[in-house]
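K.L.:
Below you will find the structure I want to go over with you.
The values are calculated or read from the model by the stated rules, or taken from the named source; none is laboratory data. Just so you know, these numbers come straight off a predicted model, no measurement behind them. Positions of Cβ are generated from backbone atoms using ideal geometry, with glycine treated the same way; all protein chains shown enter the neighbour counts. Only protein heavy atoms, including side chains, enter the accessible area calculation; ligands, DNA and RNA are left aside. Shrake-Rupley method; radii C 1.70, N 1.55, O 1.52, S 1.80 Å.
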Amino acid sequence: MSLGLYIARRLVALVPTLLLVSVLIFSLQQLLPGDPALALAGEDHDPAAVAAIRAKYHLDRPLVVQYRIWLGNVLRGDFGESLRNRIPVSELLASKLPVTVELAVCSMLVALLLGLPAGVLSATRKGTPLDFTANLVALSGLSVPHFWLGIMLILLFAVRLGWLPASGYATPWEDPLRNLTTLLLPSIVLGTGVAGVMMRHTRSAMMQTLDADYVRTARAKSVPERLVVLKHALRNALIPIITLGAIEFGRLLSGAVLTEQIFNIPGFGKLLVDGVFNRDYAVVQAVVLVSAALYVLLNLLADVLYFVANPRMRGGA
Amino acid sequence: MSWTRSLLALVAVIVLAADPVSAQSILRIGLNDDPDALDPTISRAYTGRLVFAALCDKLFDVTPDLKIVPQLATSYEWGPNQRSVVLKLRPGVKFHDGEPFNAEAVRFNIERHLATPGSFRKSEIGEVKSVDVINDLSVRLNLSEPLVPLLAALTDRAGMMVSPKAAKELGDRFGTRPVCAGPYKFVERVAQGKIVVERFADYWDKANIQIERIEFLPITDSTARLASLRSGDLHMIERVSPSDLAQIRADARLKVVGIAELGYQMIPLNVNNGPRGKVLGGDPRIRQAIDLAIDRETIVKTIFGNEYIAGNQFVSPTSPYYNSKFPVRKRDVAKARQLLREAGVPNLAFTVIVPPERDRQEAALVLQAMLAEAGITMTIQSQENVTMLQAGRRGDFEAYFTFWSGRPDPDGNIYTFNICNGGQNDSHYCNASLDALLIKARQTADPAERKKLYDQTTEILLRDLPRLILWHRRVFTGFNAKVQGFTPYPDGIIRFRGLKLS
């Protein structure tokens, strides 16, 4: 099967997935307690104001009709307007997405820089104190809650040492230095979590390839050990790691809810949480839908990479 | 050589681009949440008011002790029977777009508040029937009924004046680029990120505005907010939680001040709203017994480390309208038991709805234990806030635990909660003699006369007890010692006049 056909088939399969997601988001949200119109009407609960809000946002129409109106608009690229601050949701998405992408990229960099070498080292030095330490650190990275690590890093680097800002975000073009300094701590928080997974996967994949016949052959040909590890073993071990990386990246893109909240980074996660608290239906629906689409697309990308990297996949399947 | 030079140039560019306003003074304020639309007519969230204090001047303002003072209006004069009021306006005031502020602008703004669909100001000034422009600098507001508290409404969002030209141009998207006549003009807003304003060169009182630029940063997590204050990223934070006070007080670089809030925490009791009103409605001795079994001082001391103020009336003990003849009563369990026996329900049991919020959950547990000692079984039912309020409206409750943010005029703290068929009278309490006093107080301009009327309402309400008022919070503002000239106001809103950054 050609790569083009494969991608096309996967893209077509994307449509029912996203449709299902949209139905899920829409119906799950109806289960949220609290009437958005009442939440919007303020402390006074003026009945006329409540009724006007219901009518304006079609909240007085049957659910199926509400869904149809929403889906129709979404297909035209119109996600509606935030119930809370009246800003078009597409505008909100467009301004938040680059922030979250930047944070995801930085976190991935941290994860790769920490996770890959640690995995390779602990696989080549299996059973040594180094392997043990790397495993311990990776497990801690996986298990430490993001909000706790975040607060600790803020207290150390911002409050105690005063080296980095405690929170906030500036775009790279308005203040490149501040952009980097504000992203550093959250990238470490998110990156260490992913690095743990990376390290564990790299380690087991490396251990498998290091046992393979061609590695033994390479060693028998007295290829230097550094080349054996990096060129023969690592390259083959990378295939599952690429897949993992793409999936983890997708997860990061769907919004690092707690981390964005703690570091006050105006990305997808913060948009989503604030949306839920304010019963901002339009925002929540759009964020979840776009995140789901991104996630599915990145999964597709992972499969494609796998397809490219692994010649055996191209045969039948 | 050329490499070094390019590198130096690059660094220079980055440094220059990095901080274009470093020479100016920038005040960074942490907000507890992201405000909603920055349009005074449709704004609803409390946090928006902190931003409006920089952007939009109001016709009047209140002093820290709640006296009404001029802002964009210089004086007011009530017409016959308080059915109209004439406002004299400040000359030479300009909106941020250079448009003049005058009587026409006032008329436009009042009519906009009344006519905009989804206006949250309509319920505050709905009694204004028409606005007459007398001359360029005076207007008359004609009322459908006498309403002295109207002036207090004009000290908040209903009194904020926006540029008519900008409002017409931007329509219902005005809130995304507000144009008012306040000390600062709008620069930009990054939703969930920040709101930036800068000093308005043509402000009518510019001599008193020192800080050049203000950034409002919504940080929902209180630990993160406090950390940002301690690290110096933020200069001020609003509504500091009592549990964070110790850390601020321990830090020599920081300060915190508190002032009694305008509102109160309360438990409305269902007196006559549907069949569930049978449990606590009827005999007022039942409600008096509950009241007597509660030790408010202990609640304030144990849960809030004495940072809040025990209360029993619709205004806090620090308010000039507090009736000092009826201070917070001492707990009297024996008397409570006796009242219940007399009312024929020695084993009273009822359910209170409490939202999943720490302060009220903890207080409910303490209340439960206190009432148990008087033989009263109080069941706690947790319910999400908006759902609880809906249940309150429907009458599907015996008691629920809520709060009122408070208004500067006492009328705003009592009228709609207690008048028969009042918009917020979920208890469905109805008392003709109380109604007469409440209506008379709305028509009386003399504060001393009004005080007498409200003193009488307090007496009636403490006997009938349709709501248990429990405590008043203090609004705490935390700030860096570099911030000077800060005066706390009971509404918790930061005033920028006289504020300096050293």
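K.L.:
Restricting to segment A:166-224, and then to whatever is among the acidic types (Asp, Glu) and away from chain B (no Cβ under 14 Å), can you tell me which residue is most open to solvent (accessible area, probe 1.4 Å)? Step through it out loud before you land on a result.
P.N.:
Taking segment A:166-224 as the starting set, the residues that turn out to be among the acidic types (Asp, Glu) are A:174-175, A:211, A:213.
Among the residues that remain, those that are also away from chain B (no Cβ under 14 Å) are: A:211, A:213.
Working: A:211: 121, A:213: 100 Å².
Among those that are among the acidic types (Asp, Glu) and away from chain B (no Cβ under 14 Å), it is A:211.
K.L.:
Which pairs do you get when a residue that is part of a helix (DSSP H, G or I), found in segment A:47-59, comes within reach of a residue that is open to solvent by 50 Å² or more (accessible area, probe 1.4 Å), reach meaning Cβ atoms under 7 angstrom, with the pair 6+ apart or on two chains?
P.N.:
A:52/B:117; A:54/A:60
K.L.:
Identify, from the list B:121, B:140, the residue that is open to solvent by less than 10 Å² (accessible area, probe 1.4 Å), touching a residue at least 24 places away in the same chain (Cβ under 8 Å) and more than 18 Å from residue B:414 (Cα to Cα).
P.N.:
After applying the criteria, what remains is B:121.
K.L.:
Before we move on, is residue B:135 of a type outside the set (Lys, Arg), on the phi > 0 side of the Ramachandran plot and open to solvent by 50 Å² or more (accessible area, probe 1.4 Å)?
P.N.:
Working: of a type outside the set (Lys, Arg): yes; on the phi > 0 side of the Ramachandran plot: no; open to solvent by 50 Å² or more (accessible area, probe 1.4 Å): yes.
No; evaluated as a whole, the condition is false for this residue.
K.L.:
Another question, if that's okay. From the list B:278, B:301, B:255, which residue is modelled with pLDDT of 95 or more and away from chain A (no Cβ under 14 Å)?
P.N.:
B:255 is the lone residue from the list that is modelled with pLDDT of 95 or more and away from chain A (no Cβ under 14 Å).
K.L.:
Restricting the search to segment B:223-259, which residues are among the small types (Gly, Ala, Ser), touching a residue at least 40 places away in the same chain (Cβ under 8 Å) and open to solvent by less than 20 Å² (accessible area, probe 1.4 Å)?
P.N.:
Matches in segment B:223-259: B:228 only.
K.L.:
Which count do you get for residues in segment B:294-327 that are under 18 Å from residue B:467 (Cα atoms), open to solvent by less than 30 Å² (accessible area, probe 1.4 Å) and of a type in the set (A, V, I, L, M, F, W, C)?
P.N.:
Looking only at that region, the number is 6.
K.L.:
Need pairs with beta-carbon distance below 8 Å; first residue touching a residue at least 12 places away in the same chain (Cβ under 8 Å) and within 11 Å of chain A (Cβ to nearest Cβ) and within segment B:386-404, second in a helix (DSSP H, G or I) and of a type in the set (A, V, I, L, M); sequence gap 6+ or separate chains.
P.N.:
B:389/A:38; B:402/B:388; B:402/B:389
K.L.:
Pairs under 9 Å by beta carbon, first residue more than 20 Å from residue B:42 (Cβ to Cβ) and within 11 Å of chain A (Cβ to nearest Cβ) in segment B:174-200, partner of a type in the set (Phe, Trp, Tyr) and in a strand (DSSP E or B), six or more apart or different chains?
P.N.:
Listed pairs, sorted by first residue: B:194/B:216; B:196/B:186; B:196/B:216.
K.L.:
Do the conditions hold for residue A:25, that is, is it modelled with pLDDT under 85, within 12 Å of chain B (Cβ to nearest Cβ), assigned to a helix (DSSP H, G or I) and surrounded by 17 or more Cβ atoms within 10 Å (Cβ to Cβ)?
P.N.:
Values: modelled with pLDDT under 85: yes; within 12 Å of chain B (Cβ to nearest Cβ): no; assigned to a helix (DSSP H, G or I): yes; surrounded by 17 or more Cβ atoms within 10 Å (Cβ to Cβ): yes.
Judged against the criteria, residue A:25 is not a match.
K.L.:
In segment A:118-160, which residues are within 14 Å of chain B (Cβ to nearest Cβ) and either of a type in the set (Ser, Thr, Tyr) or open to solvent by 70 Å² or more (accessible area, probe 1.4 Å) (or both)?
P.N.:
Those that are within 14 Å of chain B (Cβ to nearest Cβ) and either of a type in the set (Ser, Thr, Tyr) or open to solvent by 70 Å² or more (accessible area, probe 1.4 Å) (or both): A:147, A:148, A:152, A:156, A:160.
K.L.:
Something else about it: If you take the residues of segment B:408-456 that are touching a Leu at 6+ places or on another chain (Cβ under 7 Å) and open to solvent by 60 Å² or more (accessible area, probe 1.4 Å), which of them is nearest to the other protein chains (Cβ to nearest Cβ)?
P.N.:
Here the residue is B:440.
K.L.:
Tell me, which residue of segment B:212-222 that is at the interface with chain A (Cβ under 8 Å from one of its Cβ atoms) and in contact (Cβ under 8 Å) with a residue 12 or more places away in the chain is surrounded by the fewest Cβ atoms within 10 Å (Cβ to Cβ)?
P.N.:
Looking at residues that are at the interface with chain A (Cβ under 8 Å from one of its Cβ atoms) and in contact (Cβ under 8 Å) with a residue 12 or more places away in the chain, I get B:220.
K.L.:
Also, I was wondering about something else. Say we look at segment B:375-407 and pick out the residues that are in contact with a Lys or Arg (Cβ under 9 Å, 6 or more places away or on another chain) and charged (D, E, K, R); which of these is most open to solvent (accessible area, probe 1.4 Å)?
P.N.:
Only one residue fits best here, namely B:396.
K.L.:
Output yes when any residue across segment B:366-373 is among the hydrophobic types (A, V, I, L, M, F, W, C), more than 14 Å from every other protein chain (Cβ to nearest Cβ), under 20 Å from the mean Cα position of the chain (by Cα) and buried (at least 21 other Cβ atoms within 10 Å of the Cβ), and no when none is.
P.N.:
Scanning segment B:366-373 turns up no residue that is among the hydrophobic types (A, V, I, L, M, F, W, C), more than 14 Å from every other protein chain (Cβ to nearest Cβ), under 20 Å from the mean Cα position of the chain (by Cα) and buried (at least 21 other Cβ atoms within 10 Å of the Cβ).
K.L.:
So which residues in segment B:168-190 are hydrophobic (A, V, I, L, M, F, W, C) and open to solvent by 10 Å² or more (accessible area, probe 1.4 Å), if there are any at all?
P.N.:
Residues of segment B:168-190 hydrophobic (A, V, I, L, M, F, W, C): B:170, B:174, B:179-181, B:186-187, B:190.
Result: B:170, B:179, B:186, B:187, B:190.
K.L.:
What is the one condition in (1) closer than 25 Å to residue A:53 by Cα; (2) open to solvent by less than 10 Å² (accessible area, probe 1.4 Å); (3) away from chain A (no Cβ under 14 Å) that residue B:164 does not satisfy?
P.N.:
(2)
K.L.:
Exactly one condition in (1) out of contact with any strand residue (DSSP E or B) (no Cβ under 6 Å at 6 or more places or on another chain); (2) within 14 Å of chain A (Cβ to nearest Cβ); (3) modelled with pLDDT of 95 or more is not met by residue B:32; state its number.
P.N.:
Failing condition for residue B:32: (3).
K.L.:
Moving to a separate point now. Could you please give the count of residues in segment A:235-271 that are more than 9 Å from chain B (Cβ to nearest Cβ), surrounded by 23 or more Cβ atoms within 10 Å (Cβ to Cβ) and more than 19 Å from residue A:105 (Cβ to Cβ)?
P.N.:
Matching residues across segment A:235-271 total 1.
K.L.:
Could I ask something else about it? Go through segment B:226-252 and give me each residue that's within 11 Å of chain A (Cβ to nearest Cβ), more than 15 Å from residue B:31 (Cβ to Cβ) and in a loop (DSSP other than H, G, I, E, B).
P.N.:
B:232, B:251
K.L.:
If you check B:59, B:89, B:114, which single one turns out to be modelled with pLDDT of 95 or more and within 27 Å of residue A:49 (Cα to Cα)?
P.N.:
Details: B:89 fails: within 27 Å of residue A:49 (Cα to Cα); B:114 fails: modelled with pLDDT of 95 or more.
Every option except B:59 fails the conditions.
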